């Protein structure tokens with residue numbers, strides 16, 4: 001009987017010891033081998049703040065965010081909606097902004113804390129939109145007309161105005177309006193034309209008159225024939241002019257280069273997803289979460305958005321020359337426009 005009690009006690013002790021091993025592992029157990037540890041760059045663990053003004057031109061940002069392309073790289077990204085994104089990045093309140101490059105070239109030229117790290121897309125899709133019955137057949141016909149456009153420093157406005165001045169000795173009167181307001185002004189007849197970007201161009205081309213005919217057309221964009229001579233007119237904005245860029249605070253790059261690099265990797269993956277099928281339902285769904293134009297306008301315009309991270313350095317320097325010519329900046333920064341940390345990656 002005593003022997004049985006000893007056996008039972010020994011069994012209970014061994015069972016308790018086995019349970020301890022199962023729950024807590026071996027005493028003095030070695031750490032998991034290196035192969036089981038996370039690979040890739042060691043990230044800061046801090047958020048990347050992106051200051052953003054909603055636009056389908058930033059669709060790669062939204063796709064990367066919504067499809068978890070940042071998260072799978074261990075990067076936490078917060079998109080903050082603001083119309084003052086460049087100022088937020090210059091001031092250090094945000095890390096990154098997607099923006100028209102001319103709006104970034106100016107603070108770079110003035111020595112402020114911002115630099116260009118990547119292209120967003122090429123080409124610029126902004127074109128001149130006019131009523132279908134507008135008596136504009138050749139570029140000089142726009143002389144003196146009130147034309148809506150985003151600003152005097154908008155890339156498309158600069159390019160089109162420079163072409164008209166240098167090639168045709170022609171000027172129009174710019175009425176500065178945001179794209180939605182510009183389309184509304186066109187509808188109201190208070191301007192004779194508007195320099196619009198996608199998807200607002202697509203939205204305008206979807207509008208019909210009372211008889212069901214298109215109300216608007218595009219001119220001098222490399223696709224139209226304004227004077228009916230059977231020849232496609234040259235694009236006043238130039239051949240494949242660069243569009244928006246990704247821009248970062250210089251201190252952010254200096255202290256968190258791994259985070260910035262991984263951010264661009266995620267954007268490049270998003271580019272590939274979009275370009276594979278720009279009008280795919282899931283891509284259009286994501287766009288509709290961020291912009292307020294019609295679904296059909298998004299479907300029609302997305303294939304025109306040539307997303308790429310590769311910087312068109314020559315084209316961007318050309319914009320800087322134009323800003324010098326109009327007196328906005330004193331000098332062209334040249335290669336100093338671009339982050340040296342991304343040389344060999346995006347330029």
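Pick out the one residue from 184, 226, 204 that is under 23 Å from the mean Cα position of the chain (by Cα) and either at pLDDT 95 or above or surrounded by 14 or more Cβ atoms within 10 Å (Cβ to Cβ) (or both). Answer to the selection: 204.
Can you find a residue in the range 30-43 that is surrounded by 10 or more Cβ atoms within 10 Å (Cβ to Cβ), touching a helix residue (DSSP H, G or I) at 6+ places or on another chain (Cβ under 9 Å), at pLDDT 85 or above and on the phi < 0 side of the Ramachandran plot? The answer is no, given that none of the residues of the range 30-43 is surrounded by 10 or more Cβ atoms within 10 Å (Cβ to Cβ), touching a helix residue (DSSP H, G or I) at 6+ places or on another chain (Cβ under 9 Å), at pLDDT 85 or above and on the phi < 0 side of the Ramachandran plot. Hey, among 111, 144, which residue is farther than 23 Å from residue 64 by Cα, in the same structural domain as residue 208 (by TED's automatic domain parsing), outside any helix (DSSP H, G or I) and modelled with pLDDT of 95 or more? From the options 111, 144, the qualifying one is 144. Residue 303 meets the conditions (1) farther than 20 Å from residue 94 by Cβ; (2) touching a residue at least 60 places away in the same chain (Cβ under 8 Å) in every case but one. The failed one is (2). Starting from residues that are closer than 13 Å to residue 197 by Cα and assigned to a loop (DSSP other than H, G, I, E, B), keep the ones in the range 276-305 and report whichever is modelled with the lowest pLDDT. Taking the candidates together, the pick is 293. In this structure, residue 134 does satisfy being over 16 Å from the mean Cα position of the chain (by Cα), under 23 Å from residue 200 (Cβ atoms) and in contact (Cβ under 8 Å) with a residue 12 or more places away in the chain. Answer with yes or no whether residue 136 is surrounded by fewer than 24 Cβ atoms within 10 Å (Cβ to Cβ) and in a strand (DSSP E or B). No. Can you tell me which residue in the range 54-89 is farthest from residue 283 (Cα to Cα), limited to those that are part of a loop (DSSP other than H, G, I, E, B) and free of Cβ contacts under 8 Å to residues at least 40 places away in the same chain? Top of the filtered list is 84.
Of the strands (runs of 3 or more DSSP E) lying entirely inside the range 168-267, those carrying at least 1 residues that are touching a residue at least 40 places away in the same chain (Cβ under 8 Å) are 193-196, 216-219, 245-249. Mind telling me which of the residues 120, 63, 77, 48 ends up being within 12 Å of residue 247 (Cβ to Cβ) and at pLDDT 95 or above? Going through 120, 63, 77, 48 in turn, just one is within 12 Å of residue 247 (Cβ to Cβ) and at pLDDT 95 or above: 120. If you scan the range 309-326, which residues turn out to be surrounded by fewer than 19 Cβ atoms within 10 Å (Cβ to Cβ), modelled with pLDDT of 95 or more and in a loop (DSSP other than H, G, I, E, B)? If the condition is that a residue be surrounded by fewer than 19 Cβ atoms within 10 Å (Cβ to Cβ), modelled with pLDDT of 95 or more and in a loop (DSSP other than H, G, I, E, B), then 310 is the only one that fits.
The values are calculated or read from the model by the stated rules, or taken from the named source; none is laboratory data. All values reported here derive from a predicted model rather than from experimental measurement. So basically every Cβ, Gly included, is an ideal-geometry build from the backbone, and we count neighbours across all protein chains shown.
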